[in-house]
Amino acid sequence: MSNDSTYAAVPFDHAKADIILRSSDNIDFRIFKLFLSLASPFFETLFEIPQPAEEDEDQEVKDGLVVVPVTEDSKTLDALLRFCYPCTLAEDPKLEVLKDALDVLEAARKYSLDVIEKKARQAIASPKILEAEPLRCFAIAHRGRLQEESQLAARYTLTQPLIPSWFQEIDLITATDLLSLLTYHKKCADVVYALRLDLSWITSHYGSPQACSWLSGQYINQYGSGTQCGCPRSSTPKYRLSLLGSVSLQWWEDFMEETFTALRDKPCKETVQTTADKTVQTVKARNCQNCSFKVTEGMRDFLELFTRKIDESISQIEVELNF
Ligand SMILES: [Zn+2]
């Protein structure tokens, strides 16, 4: 069997190494016991066991070194060893592939490599991956029994439609887990959608008509008197702000209606950001004396408020998971 195995690449082919770890796919890593012993008590104990005599037929010896077979494949073992080695010999591997990070996490736990476990956790829940692939992150984090990271990933899945499309690693979680995630998403959508029922969070933020003059449909003309802008008013306002009297601009109504409809599917700040950007473009194109000049700044401030309210509402909800 040893004839089928090949040596790993630099630095795991060192001539002065003192033991061989053989991966499940038959790659022999010539390594120094000291680096592994320092990284983990597991290895320290393993290497303390007296080496069997050379004539022991059960113990394989290759090029004078004892061969210890491990269950990890060469890719995982390579990453694990690079973490254990000093940085002058091997840089920490970049765990950019989610599945690799999970394999390293599981191996690190098995060998009590606490620092490496922490690094694998960080790789699984890095903001870049969470933003790009929250569902895959969730599946990996849950499979890795990472409670905090699973909650965090669940939060990021709110940027995706309620019913997600197929994703890699979906098979790592059970139907029960997926149901928990969908239930969480639905609950978040419900609390955020409920914000439209009572708009006091908007009126109390502004406090006076002057503070939300960008929504008033009025501007001061060249003679110094208040003038109605030309933008259409809604005849059936649903999002009228009490402090602005009976007026509600149609573009505001359209913005709010579109936003809340979209929030039912994706209850997150990105949804509001998208509809707000679109509305700013539309309103600026109107060339209105009031709205077009004030909408950019007004919407920026409102977006902050809306984002805060969404965060507040959602933070009360947790995804229920069994680990
Ligand atoms: Zn206007």
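Here, each number is a calculation from the coordinates, and none is a lab measurement. Small disclaimer: the values here were computed from a predicted structure and weren't measured. Here the Cβ positions follow ideal geometry from the backbone for every residue, glycine too, while neighbour counts run over all protein chains shown.
What the table shows:
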| item | result |
| --- | --- |
| The range 164-179 versus the range 58-100: alpha-carbon centroid distance in Å | 31 |
| Listed peptides 232-244, 69-81, 206-218 by packing density, highest first (mean Cβ within 10 Å) | 69-81, 206-218, 232-244 |
| Partner lysines for Lys284 [C-alpha distance under 24 Å; skip if fewer than 8 residues away on the same chain] | Lys238, Lys269, Lys294 |
| The chain: proportion of alpha-carbon pairs further apart than 25 angstrom, % | 63 |
| Lys278-Arg233 FRET efficiency (beta carbon distance; Förster radius 22 Å; 0.05 resolution) | 0.60 |
| Two-decimal ratio, the range 52-158, of alpha-carbon radius of gyration to 2.2 N^0.38 Å | 1.33 |
| Nearest 10 degrees, 0 to 90: helix 147-156 Cα axis against the chain principal axis | 40 |
| Proxy reagent accessibility, fewest Cβ within 10 Å first, across Ile163, Ile202 | Ile163, Ile202 |
| Summed residue charge, Cβ within 14 Å of Thr176's Cβ, Lys/Arg positive, Asp/Glu negative | -2 |
| Mean Cα-pair separation over length for the range 72-117, i.e. relative contact order, pairs under 8 Å, 6 or more apart, % | 37 |
| Overall form of the range 104-221 per C-alpha gyration tensor (a/c, 1.5; a/b vs b/c) | prolate |
| Square roots of 5 times each gyration tensor eigenvalue, C-alpha, the range 196-315, largest first, Å | 24, 15, 13 |
| Cβ-derived FRET efficiency at R0 45 Å, Arg308 paired with Thr176, nearest 0.05 | 0.85 |
| Exposure proxy order (Cβ contacts within 10 Å, fewest to most) of His185, His205, His142 | His205, His185, His142 |
| The chain, helix-only ellipticity at 222 nm - DSSP H runs n ≥ 4, -39,500 (n - 2.57), divided by all residues, nearest 500 | -15500 deg cm²/dmol |
| Residues Val104, Val61, Val272, sorted so that the one with the fewest Cβ neighbours within 10 Å comes first | Val61, Val272, Val104 |
| Cβ-based net charge around Ser23, under 11 Å, with every Lys or Arg adding one and every Asp or Glu removing one | -3 |
| FRET efficiency, 1/(1 + (r/R0)^6) with R0 51 Å, evaluated for Asn221 and Val191 via beta carbons | 0.75 |
| Pair Asp92, Val68: separation of 7 Å Cα→Cβ label points (nm) | 2.4 |
| Value of relative contact order over the range 202-323, rounded to a whole percent, pairs C-alpha under 8 Å and six or more apart | 24 |
| Computed lengthening from Thr261 to Phe293, 0.36 nm per intervening residue step minus Cα-Cα distance | 8.8 nm |
| Charge context of Leu162, other residues only, Cβ under 9 angstrom, K/R +1, D/E -1 | +2 |
| Kirkwood Rh in Å, taken over all unlike Cα pairs in the range 238-309 | 12.7 |
